[in-house]
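Written out below as structure tokens is the structure these notes cover.
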Amino acid sequence: MDEANIFNKLIIFMFYLIYLMNVSLRQLRAFVTLAQSQSFAEASELLHLSQPALSVAIKNMEQETGGSLFSRSTRSLQLSPEGRQFLPVARRLLADWDQAFDDLGRAFNLQQGKIRVAVMPSFAMNQFPEALAPFQREYPDINISVEDVVMESVIDAVREGQVELGITFEPDQMDGLEFTPLFTDRWIALVHPKSPLAARKKLSWTALMEEPFIAMNRGSWSRNTTEKALSEAGVTPTRLLEANQLATIGRMVSVGLGTAVVPQLCRQQMESLGILCKTIGRPSIERQVGIFTRKRRSLSGAAQALIAHLLEHFSKVS
């Protein structure tokens, strides 16, 4: 065990002893101040206490600790051997206590802190960085850790307390979770620029099946959502390709492997690949994107500020 860990354990142990002995922080400050000044008159002035009150505080502390912390005479005041041994620990205890409250105040004032956020990749790659930039400029000392994982993992991370916030599509089941919508996303069709479908402004599900259809892997929320729409439209892909990521689907469409249907929030990413984005005919797919938090769990001030910022940001761009 390294020296820092040993000292930290000692600090924790000393706090525990102070708690058990009913030694107050006021008494601890009185001890350190008196030890440094070696004068009841000077220490009383520094602590804004009367000399009798300071004397009582030190006496009570000595009664709790079980022995004398100072050697007194009519002409001098010095630390006892036990007092000298305790002084550096007492200084560290007070410094750590003051630092802890300073850090707490900075956290409440959003001058420091850390937020862990789980975000679905399509949102993390497209809208989230632009939304996050002004927040980071306003609160530069708040660290943000973004975990870009699939929707199911976003929900699990929030539910298990691994992150404070999650951002993804609203799922069918939200046991133990709170959902705050940010905006509604309407899905779009993807076609290659040289596809026979490229000239059409709007594509039916039947038309999309004229080419191989590229879908997310089976079992995923996106795949289930797509299959529900296909069932409503009364069509079934005869030629099917599958991928695990929307970015992969986009790349496959960009080289002419087929058509696909993806969330509107991917539009800019898909158009950067040279893909044409088209409106889908009935049945359309519309789903809310929003923020997940755990029910009955308090959020840090930083997380609350981020939620407020995202709500304001998307109210302006929606």
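Beta bridges from DSSP with both residues in the chain: antiparallel share about 55 percent, rounded to the nearest 5. Largest accessible area first, the residues Val117, Val56 order themselves as Val56, Val117 under a 1.4 Å probe with ligands, DNA and RNA left out. Taking trypsin sites (Lys or Arg not before Pro) across the stretch 151-253, the ones in a DSSP loop with at most 13 further Cβ atoms lying within 10 angstrom of their Cβ are Lys194, Lys201, Arg218, Arg239. For the stretch 155-234, the relative contact order comes to 14 percent (Cα pairs under 8 Å, sequence separation of at least 6).
Residues whose amide H lies under 5 Å from that of Gly113, counting only those 5 or more places away or on a different chain, are Asn143; hydrogens are built 1.01 Å from N in the peptide plane.
To the nearest ten degrees, helix 51-65 and the longest principal axis of the Cα atoms of the chain are 70 degrees apart.
Each Cα pair under 8 Å and six or more residues apart adds its sequence gap; the mean of these over the residue count of the chain is a relative contact order of 20 percent. As an exercise, identify the trypsin sites (Lys or Arg not before Pro) in the stretch 275-306 lying in DSSP coil whose Cβ has no more than 14 other Cβ atoms within 10 Å. Answer by residue number: Lys295, Arg296, Arg297. Going through [x] 24.7; [y] 20.3; [z] 19.1, the figure that equals Kirkwood radius over Cα pairs in Å as computed for the structure here is [x]. Per residue, the chain exposes 55 Å² of solvent-accessible protein surface, assessed with a 1.4 angstrom probe and all protein chains in place. Residues whose amide H falls under 5 Å from that of Leu241, counting only those 5 or more places apart or on a different chain, are Phe213, Ile214, Ala215, with hydrogens built in the peptide plane. Counting only alpha carbon atoms, the long axis of helix 25-37 and the longest principal axis of the chain meet at about 60°. Rounded to the nearest 10 degrees, the inclination of helix 127-138 to the longest alpha-carbon principal axis of the chain is 30 degrees.
Working note: 222 nm ellipticity from helices only, DSSP H runs with n ≥ 4, each -39,500 (n - 2.57), summed and divided by the residues of the chain, gives -15500 deg cm²/dmol to the nearest 500.
Quick one: go through the stretch 224-264 and flag any residue whose amide nitrogen is under 12 Å from the point 7 Å out along the Cα-to-Cβ line of Glu152. Inside the label zone: 224. Expressed as a whole percent, the accessible surface of the chain that belongs to carbon and sulfur atoms is 49, based on a 1.4 Å probe.
The values are calculated or read from the model by the stated rules, or taken from the named source; none is laboratory data. Computed from a prediction, not measured in an experiment: that's the story for all the values here. With ideal geometry, Cβ positions are generated from the backbone for all residues, glycine too; neighbour counts draw on all protein chains shown. Please note that ligands, DNA and RNA were not included when accessible areas were found on the heavy atoms of the full protein model with its side chains. Shrake-Rupley method; radii C 1.70, N 1.55, O 1.52, S 1.80 Å.
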